[in-house]
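The structure under discussion appears below in the form of structure tokens.
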Amino acid sequence: MKRSISPDYAIEIIPDGARIMIGGFMGVGTPERLIDALVASGTGNLTVIANDTALPGKGIGKLITAGSVRKVITSHIGLNPETQRLMNAGKLEVDLVPQGTLVECIRSAGVGLGAVVTKTGLGTAVAEGKQILELEGQLYLIELPIHADFALIAARQADYVGNLEYALTAQNFNPIMALAAETVIAEPDHIVPVGMIPPDAVRTPAALVDHLIERAK
Amino acid sequence: MDAKDRIAQRVAQEIVPGSLVNLGIGLPSLVASYVATDQGVYFQSENGVIGLGSRPPEGMEDPDLTDAGGGFVTAVPGAAAIDSAMSFGLIRGGHIDLTVLGALQVDSAGHLANWMIPGMLTPGMGGAMDLATGAKRVIAALQHQTRGQSKIVNRCDLPITSTRQVDLIVTDLAVFDYCDAGLRLIELMPEIGLDEVGSKTQASFVVAL
């Protein structure tokens, strides 16, 4: 069983310079209260791994605007002009990764695979400096697993063991990131008594979740 | 009807009943409105839904149901919500029958460029590289020219999205595919002449009207 904790208390374990995965797709399915607490804490020099940097004032966009992030590993920054401005000013390192490669690199880190072997990115700027592998007459790009120290994930509902279920397109990277970080902090919209979530509906088993954030007050 | 809608309407004719289709953001997303709802076509969105529906009426949005651009959508009966690994497993594994992608340039080799303009704009590739590489069929849907410059070029000078050749190009002037001789003009859009296409296209092409 897990006692739920406040976002402020949870983010105290995140040091300056940490590598953090954050769930969400354009701010949908992003743990907003954890991000607010992280911004308020002043923790900085972070490496953020996320699908995108959302919009200014929303989700990961708040961390970008606050200057908390040193490097971002992501697939898309097009809706956040602030990310582009900081990148062009040399204040933010941006590593662009194709979205499918990003999710598979995170998944491979989480499930013990040594690499992702894919055609995506072959012959493009993404392949620069990377190994190419020929298998059965076909060429592939080798992409390495992406790990993190922390994963901050959002869920629709948890129970007090820490099992999680998700809502519609708010799933996105969340269940994958829950596999790939040393410490997983889950921010559910609701927390229900153990036994209320049917086992079939559990998408992230409690064994992956270290900390449960209390419901919004 | 403006140029973008003419392109979208023409692309819609390529959509096979019962197929699974991914539409890129921007111009390609207009295609959905030209596909009849009784055709059994399901639209996939890479953020994790198969069975994307139209925009919800105001006041009836679900903040947890959006498209890849972050806009509110609905889901049709028979829809499925999936995580990003499943979503890109479908895309990279060849389970998407057709993707329609916007482009800044498409070239004689069938390479498209749609994710950055060095020194000017870096939106990032999002899912475009996976889609251009992994979908069964790829259609590039774009305006033929931008500021008087042809977007159909001999060789992309912008960073390409994939080395996989696109299958079809649909612009406001013409439709092209690829044959052994390279880029091939196969159709003129209504009220467009061959001379106009020739004069507004940088790439060389063969004609098979």
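Bear in mind these aren't lab numbers, they're just calculated from the coordinates by the rules spelled out. Just so it is clear, the model here is predicted, and its values are computed rather than measured. Neighbour counts are summed over all protein chains in view; Cβ atoms, including those assigned to glycine, are modelled from backbone coordinates with ideal geometry.
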Tell me, yes or no, whether the stretch B:93-104 has at least one residue that is touching an Asp or Glu at 6+ places or on another chain (Cβ under 9 Å) and in contact (Cβ under 8 Å) with a residue 24 or more places away in the chain.
-> yes
Find the strands (runs of 3 or more DSSP E) located wholly in the stretch B:58-139 whose residues include 1 or more that are acidic (Asp, Glu), and list them.
-> B:105-107
In the stretch A:17-42, how many are under 20 Å from A:Thr74 (Cα atoms) and part of a loop (DSSP other than H, G, I, E, B)?
-> 9
Within the group B:Ser45, B:Ser84, B:Ser33, which residue is more than 18 Å from the chain's Cα centre (by Cα) and hydroxyl-bearing (Ser, Thr, Tyr)?
-> B:Ser84
Working carefully through the options A:Ala127, A:Ala89, find the one that is facing chain B (nearest Cβ under 10 Å), without any contact (Cβ under 8 Å) to a residue 24 or more places away in the chain and not hydroxyl-bearing (Ser, Thr, Tyr).
-> A:Ala127
Output the residue which, of all residues in the stretch B:137-164 that are touching a Ser or Thr at 6+ places or on another chain (Cβ under 9 Å) and within 14 Å of chain A (Cβ to nearest Cβ), is nearest to B:Ile15 (Cα to Cα).
-> B:Val138
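When the stretch B:17-56 is examined, which residues are found to be at positive phi and either free of Cβ contacts under 8 Å to residues at least 60 places away in the same chain or not in a loop (DSSP other than H, G, I, E, B) (or both)?
Selection gives B:Gly18, B:Gly40, B:Gly48, B:Gly51.
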Provide a single number: the residues in the stretch A:19-45 that are closer than 19 Å to A:Ile213 by Cβ and either under 13 Å from the mean Cα position of the chain (by Cα) or free of Cβ contacts under 8 Å to residues at least 12 places away in the same chain (or both).
-> 13
Just one of B:Val166, B:Val175 is farther than 30 Å from A:Val97 by Cα and either in contact with a strand residue (DSSP E or B) (Cβ under 9 Å, 6 or more places away or on another chain) or outside any loop (DSSP other than H, G, I, E, B) (or both); which is it?
-> B:Val175
All but one of (1) under 15 Å from the mean Cα position of the chain (by Cα); (2) away from chain B (no Cβ under 14 Å); (3) free of Cβ contacts under 8 Å to residues at least 60 places away in the same chain hold for A:Pro145, so report the exception by its number.
-> (2)
Out of B:Met120, B:Met116, B:Met125, B:Met129, report the one residue that is within 26 Å of A:Pro98 (Cα to Cα), touching a Pro at 6+ places or on another chain (Cβ under 7 Å) and surrounded by fewer than 22 Cβ atoms within 10 Å (Cβ to Cβ).
-> B:Met116
If you check A:Ala151, A:Ala207, A:Ala127, A:Ala216, which single one turns out to be within 17 Å of the chain's Cα centre (by Cα) and either on the phi < 0 side of the Ramachandran plot or buried (at least 19 other Cβ atoms within 10 Å of the Cβ) (or both)?
-> A:Ala151
Condition check for A:Ile73: in a helix (DSSP H, G or I), hydrophobic (A, V, I, L, M, F, W, C) and within 13 Å of the chain's Cα centre (by Cα) = no
Just wondering, is there one or more residues in the stretch A:84-106 that are assigned to a helix (DSSP H, G or I), of a type in the set (Asp, Glu) and buried (at least 23 other Cβ atoms within 10 Å of the Cβ)?
-> yes
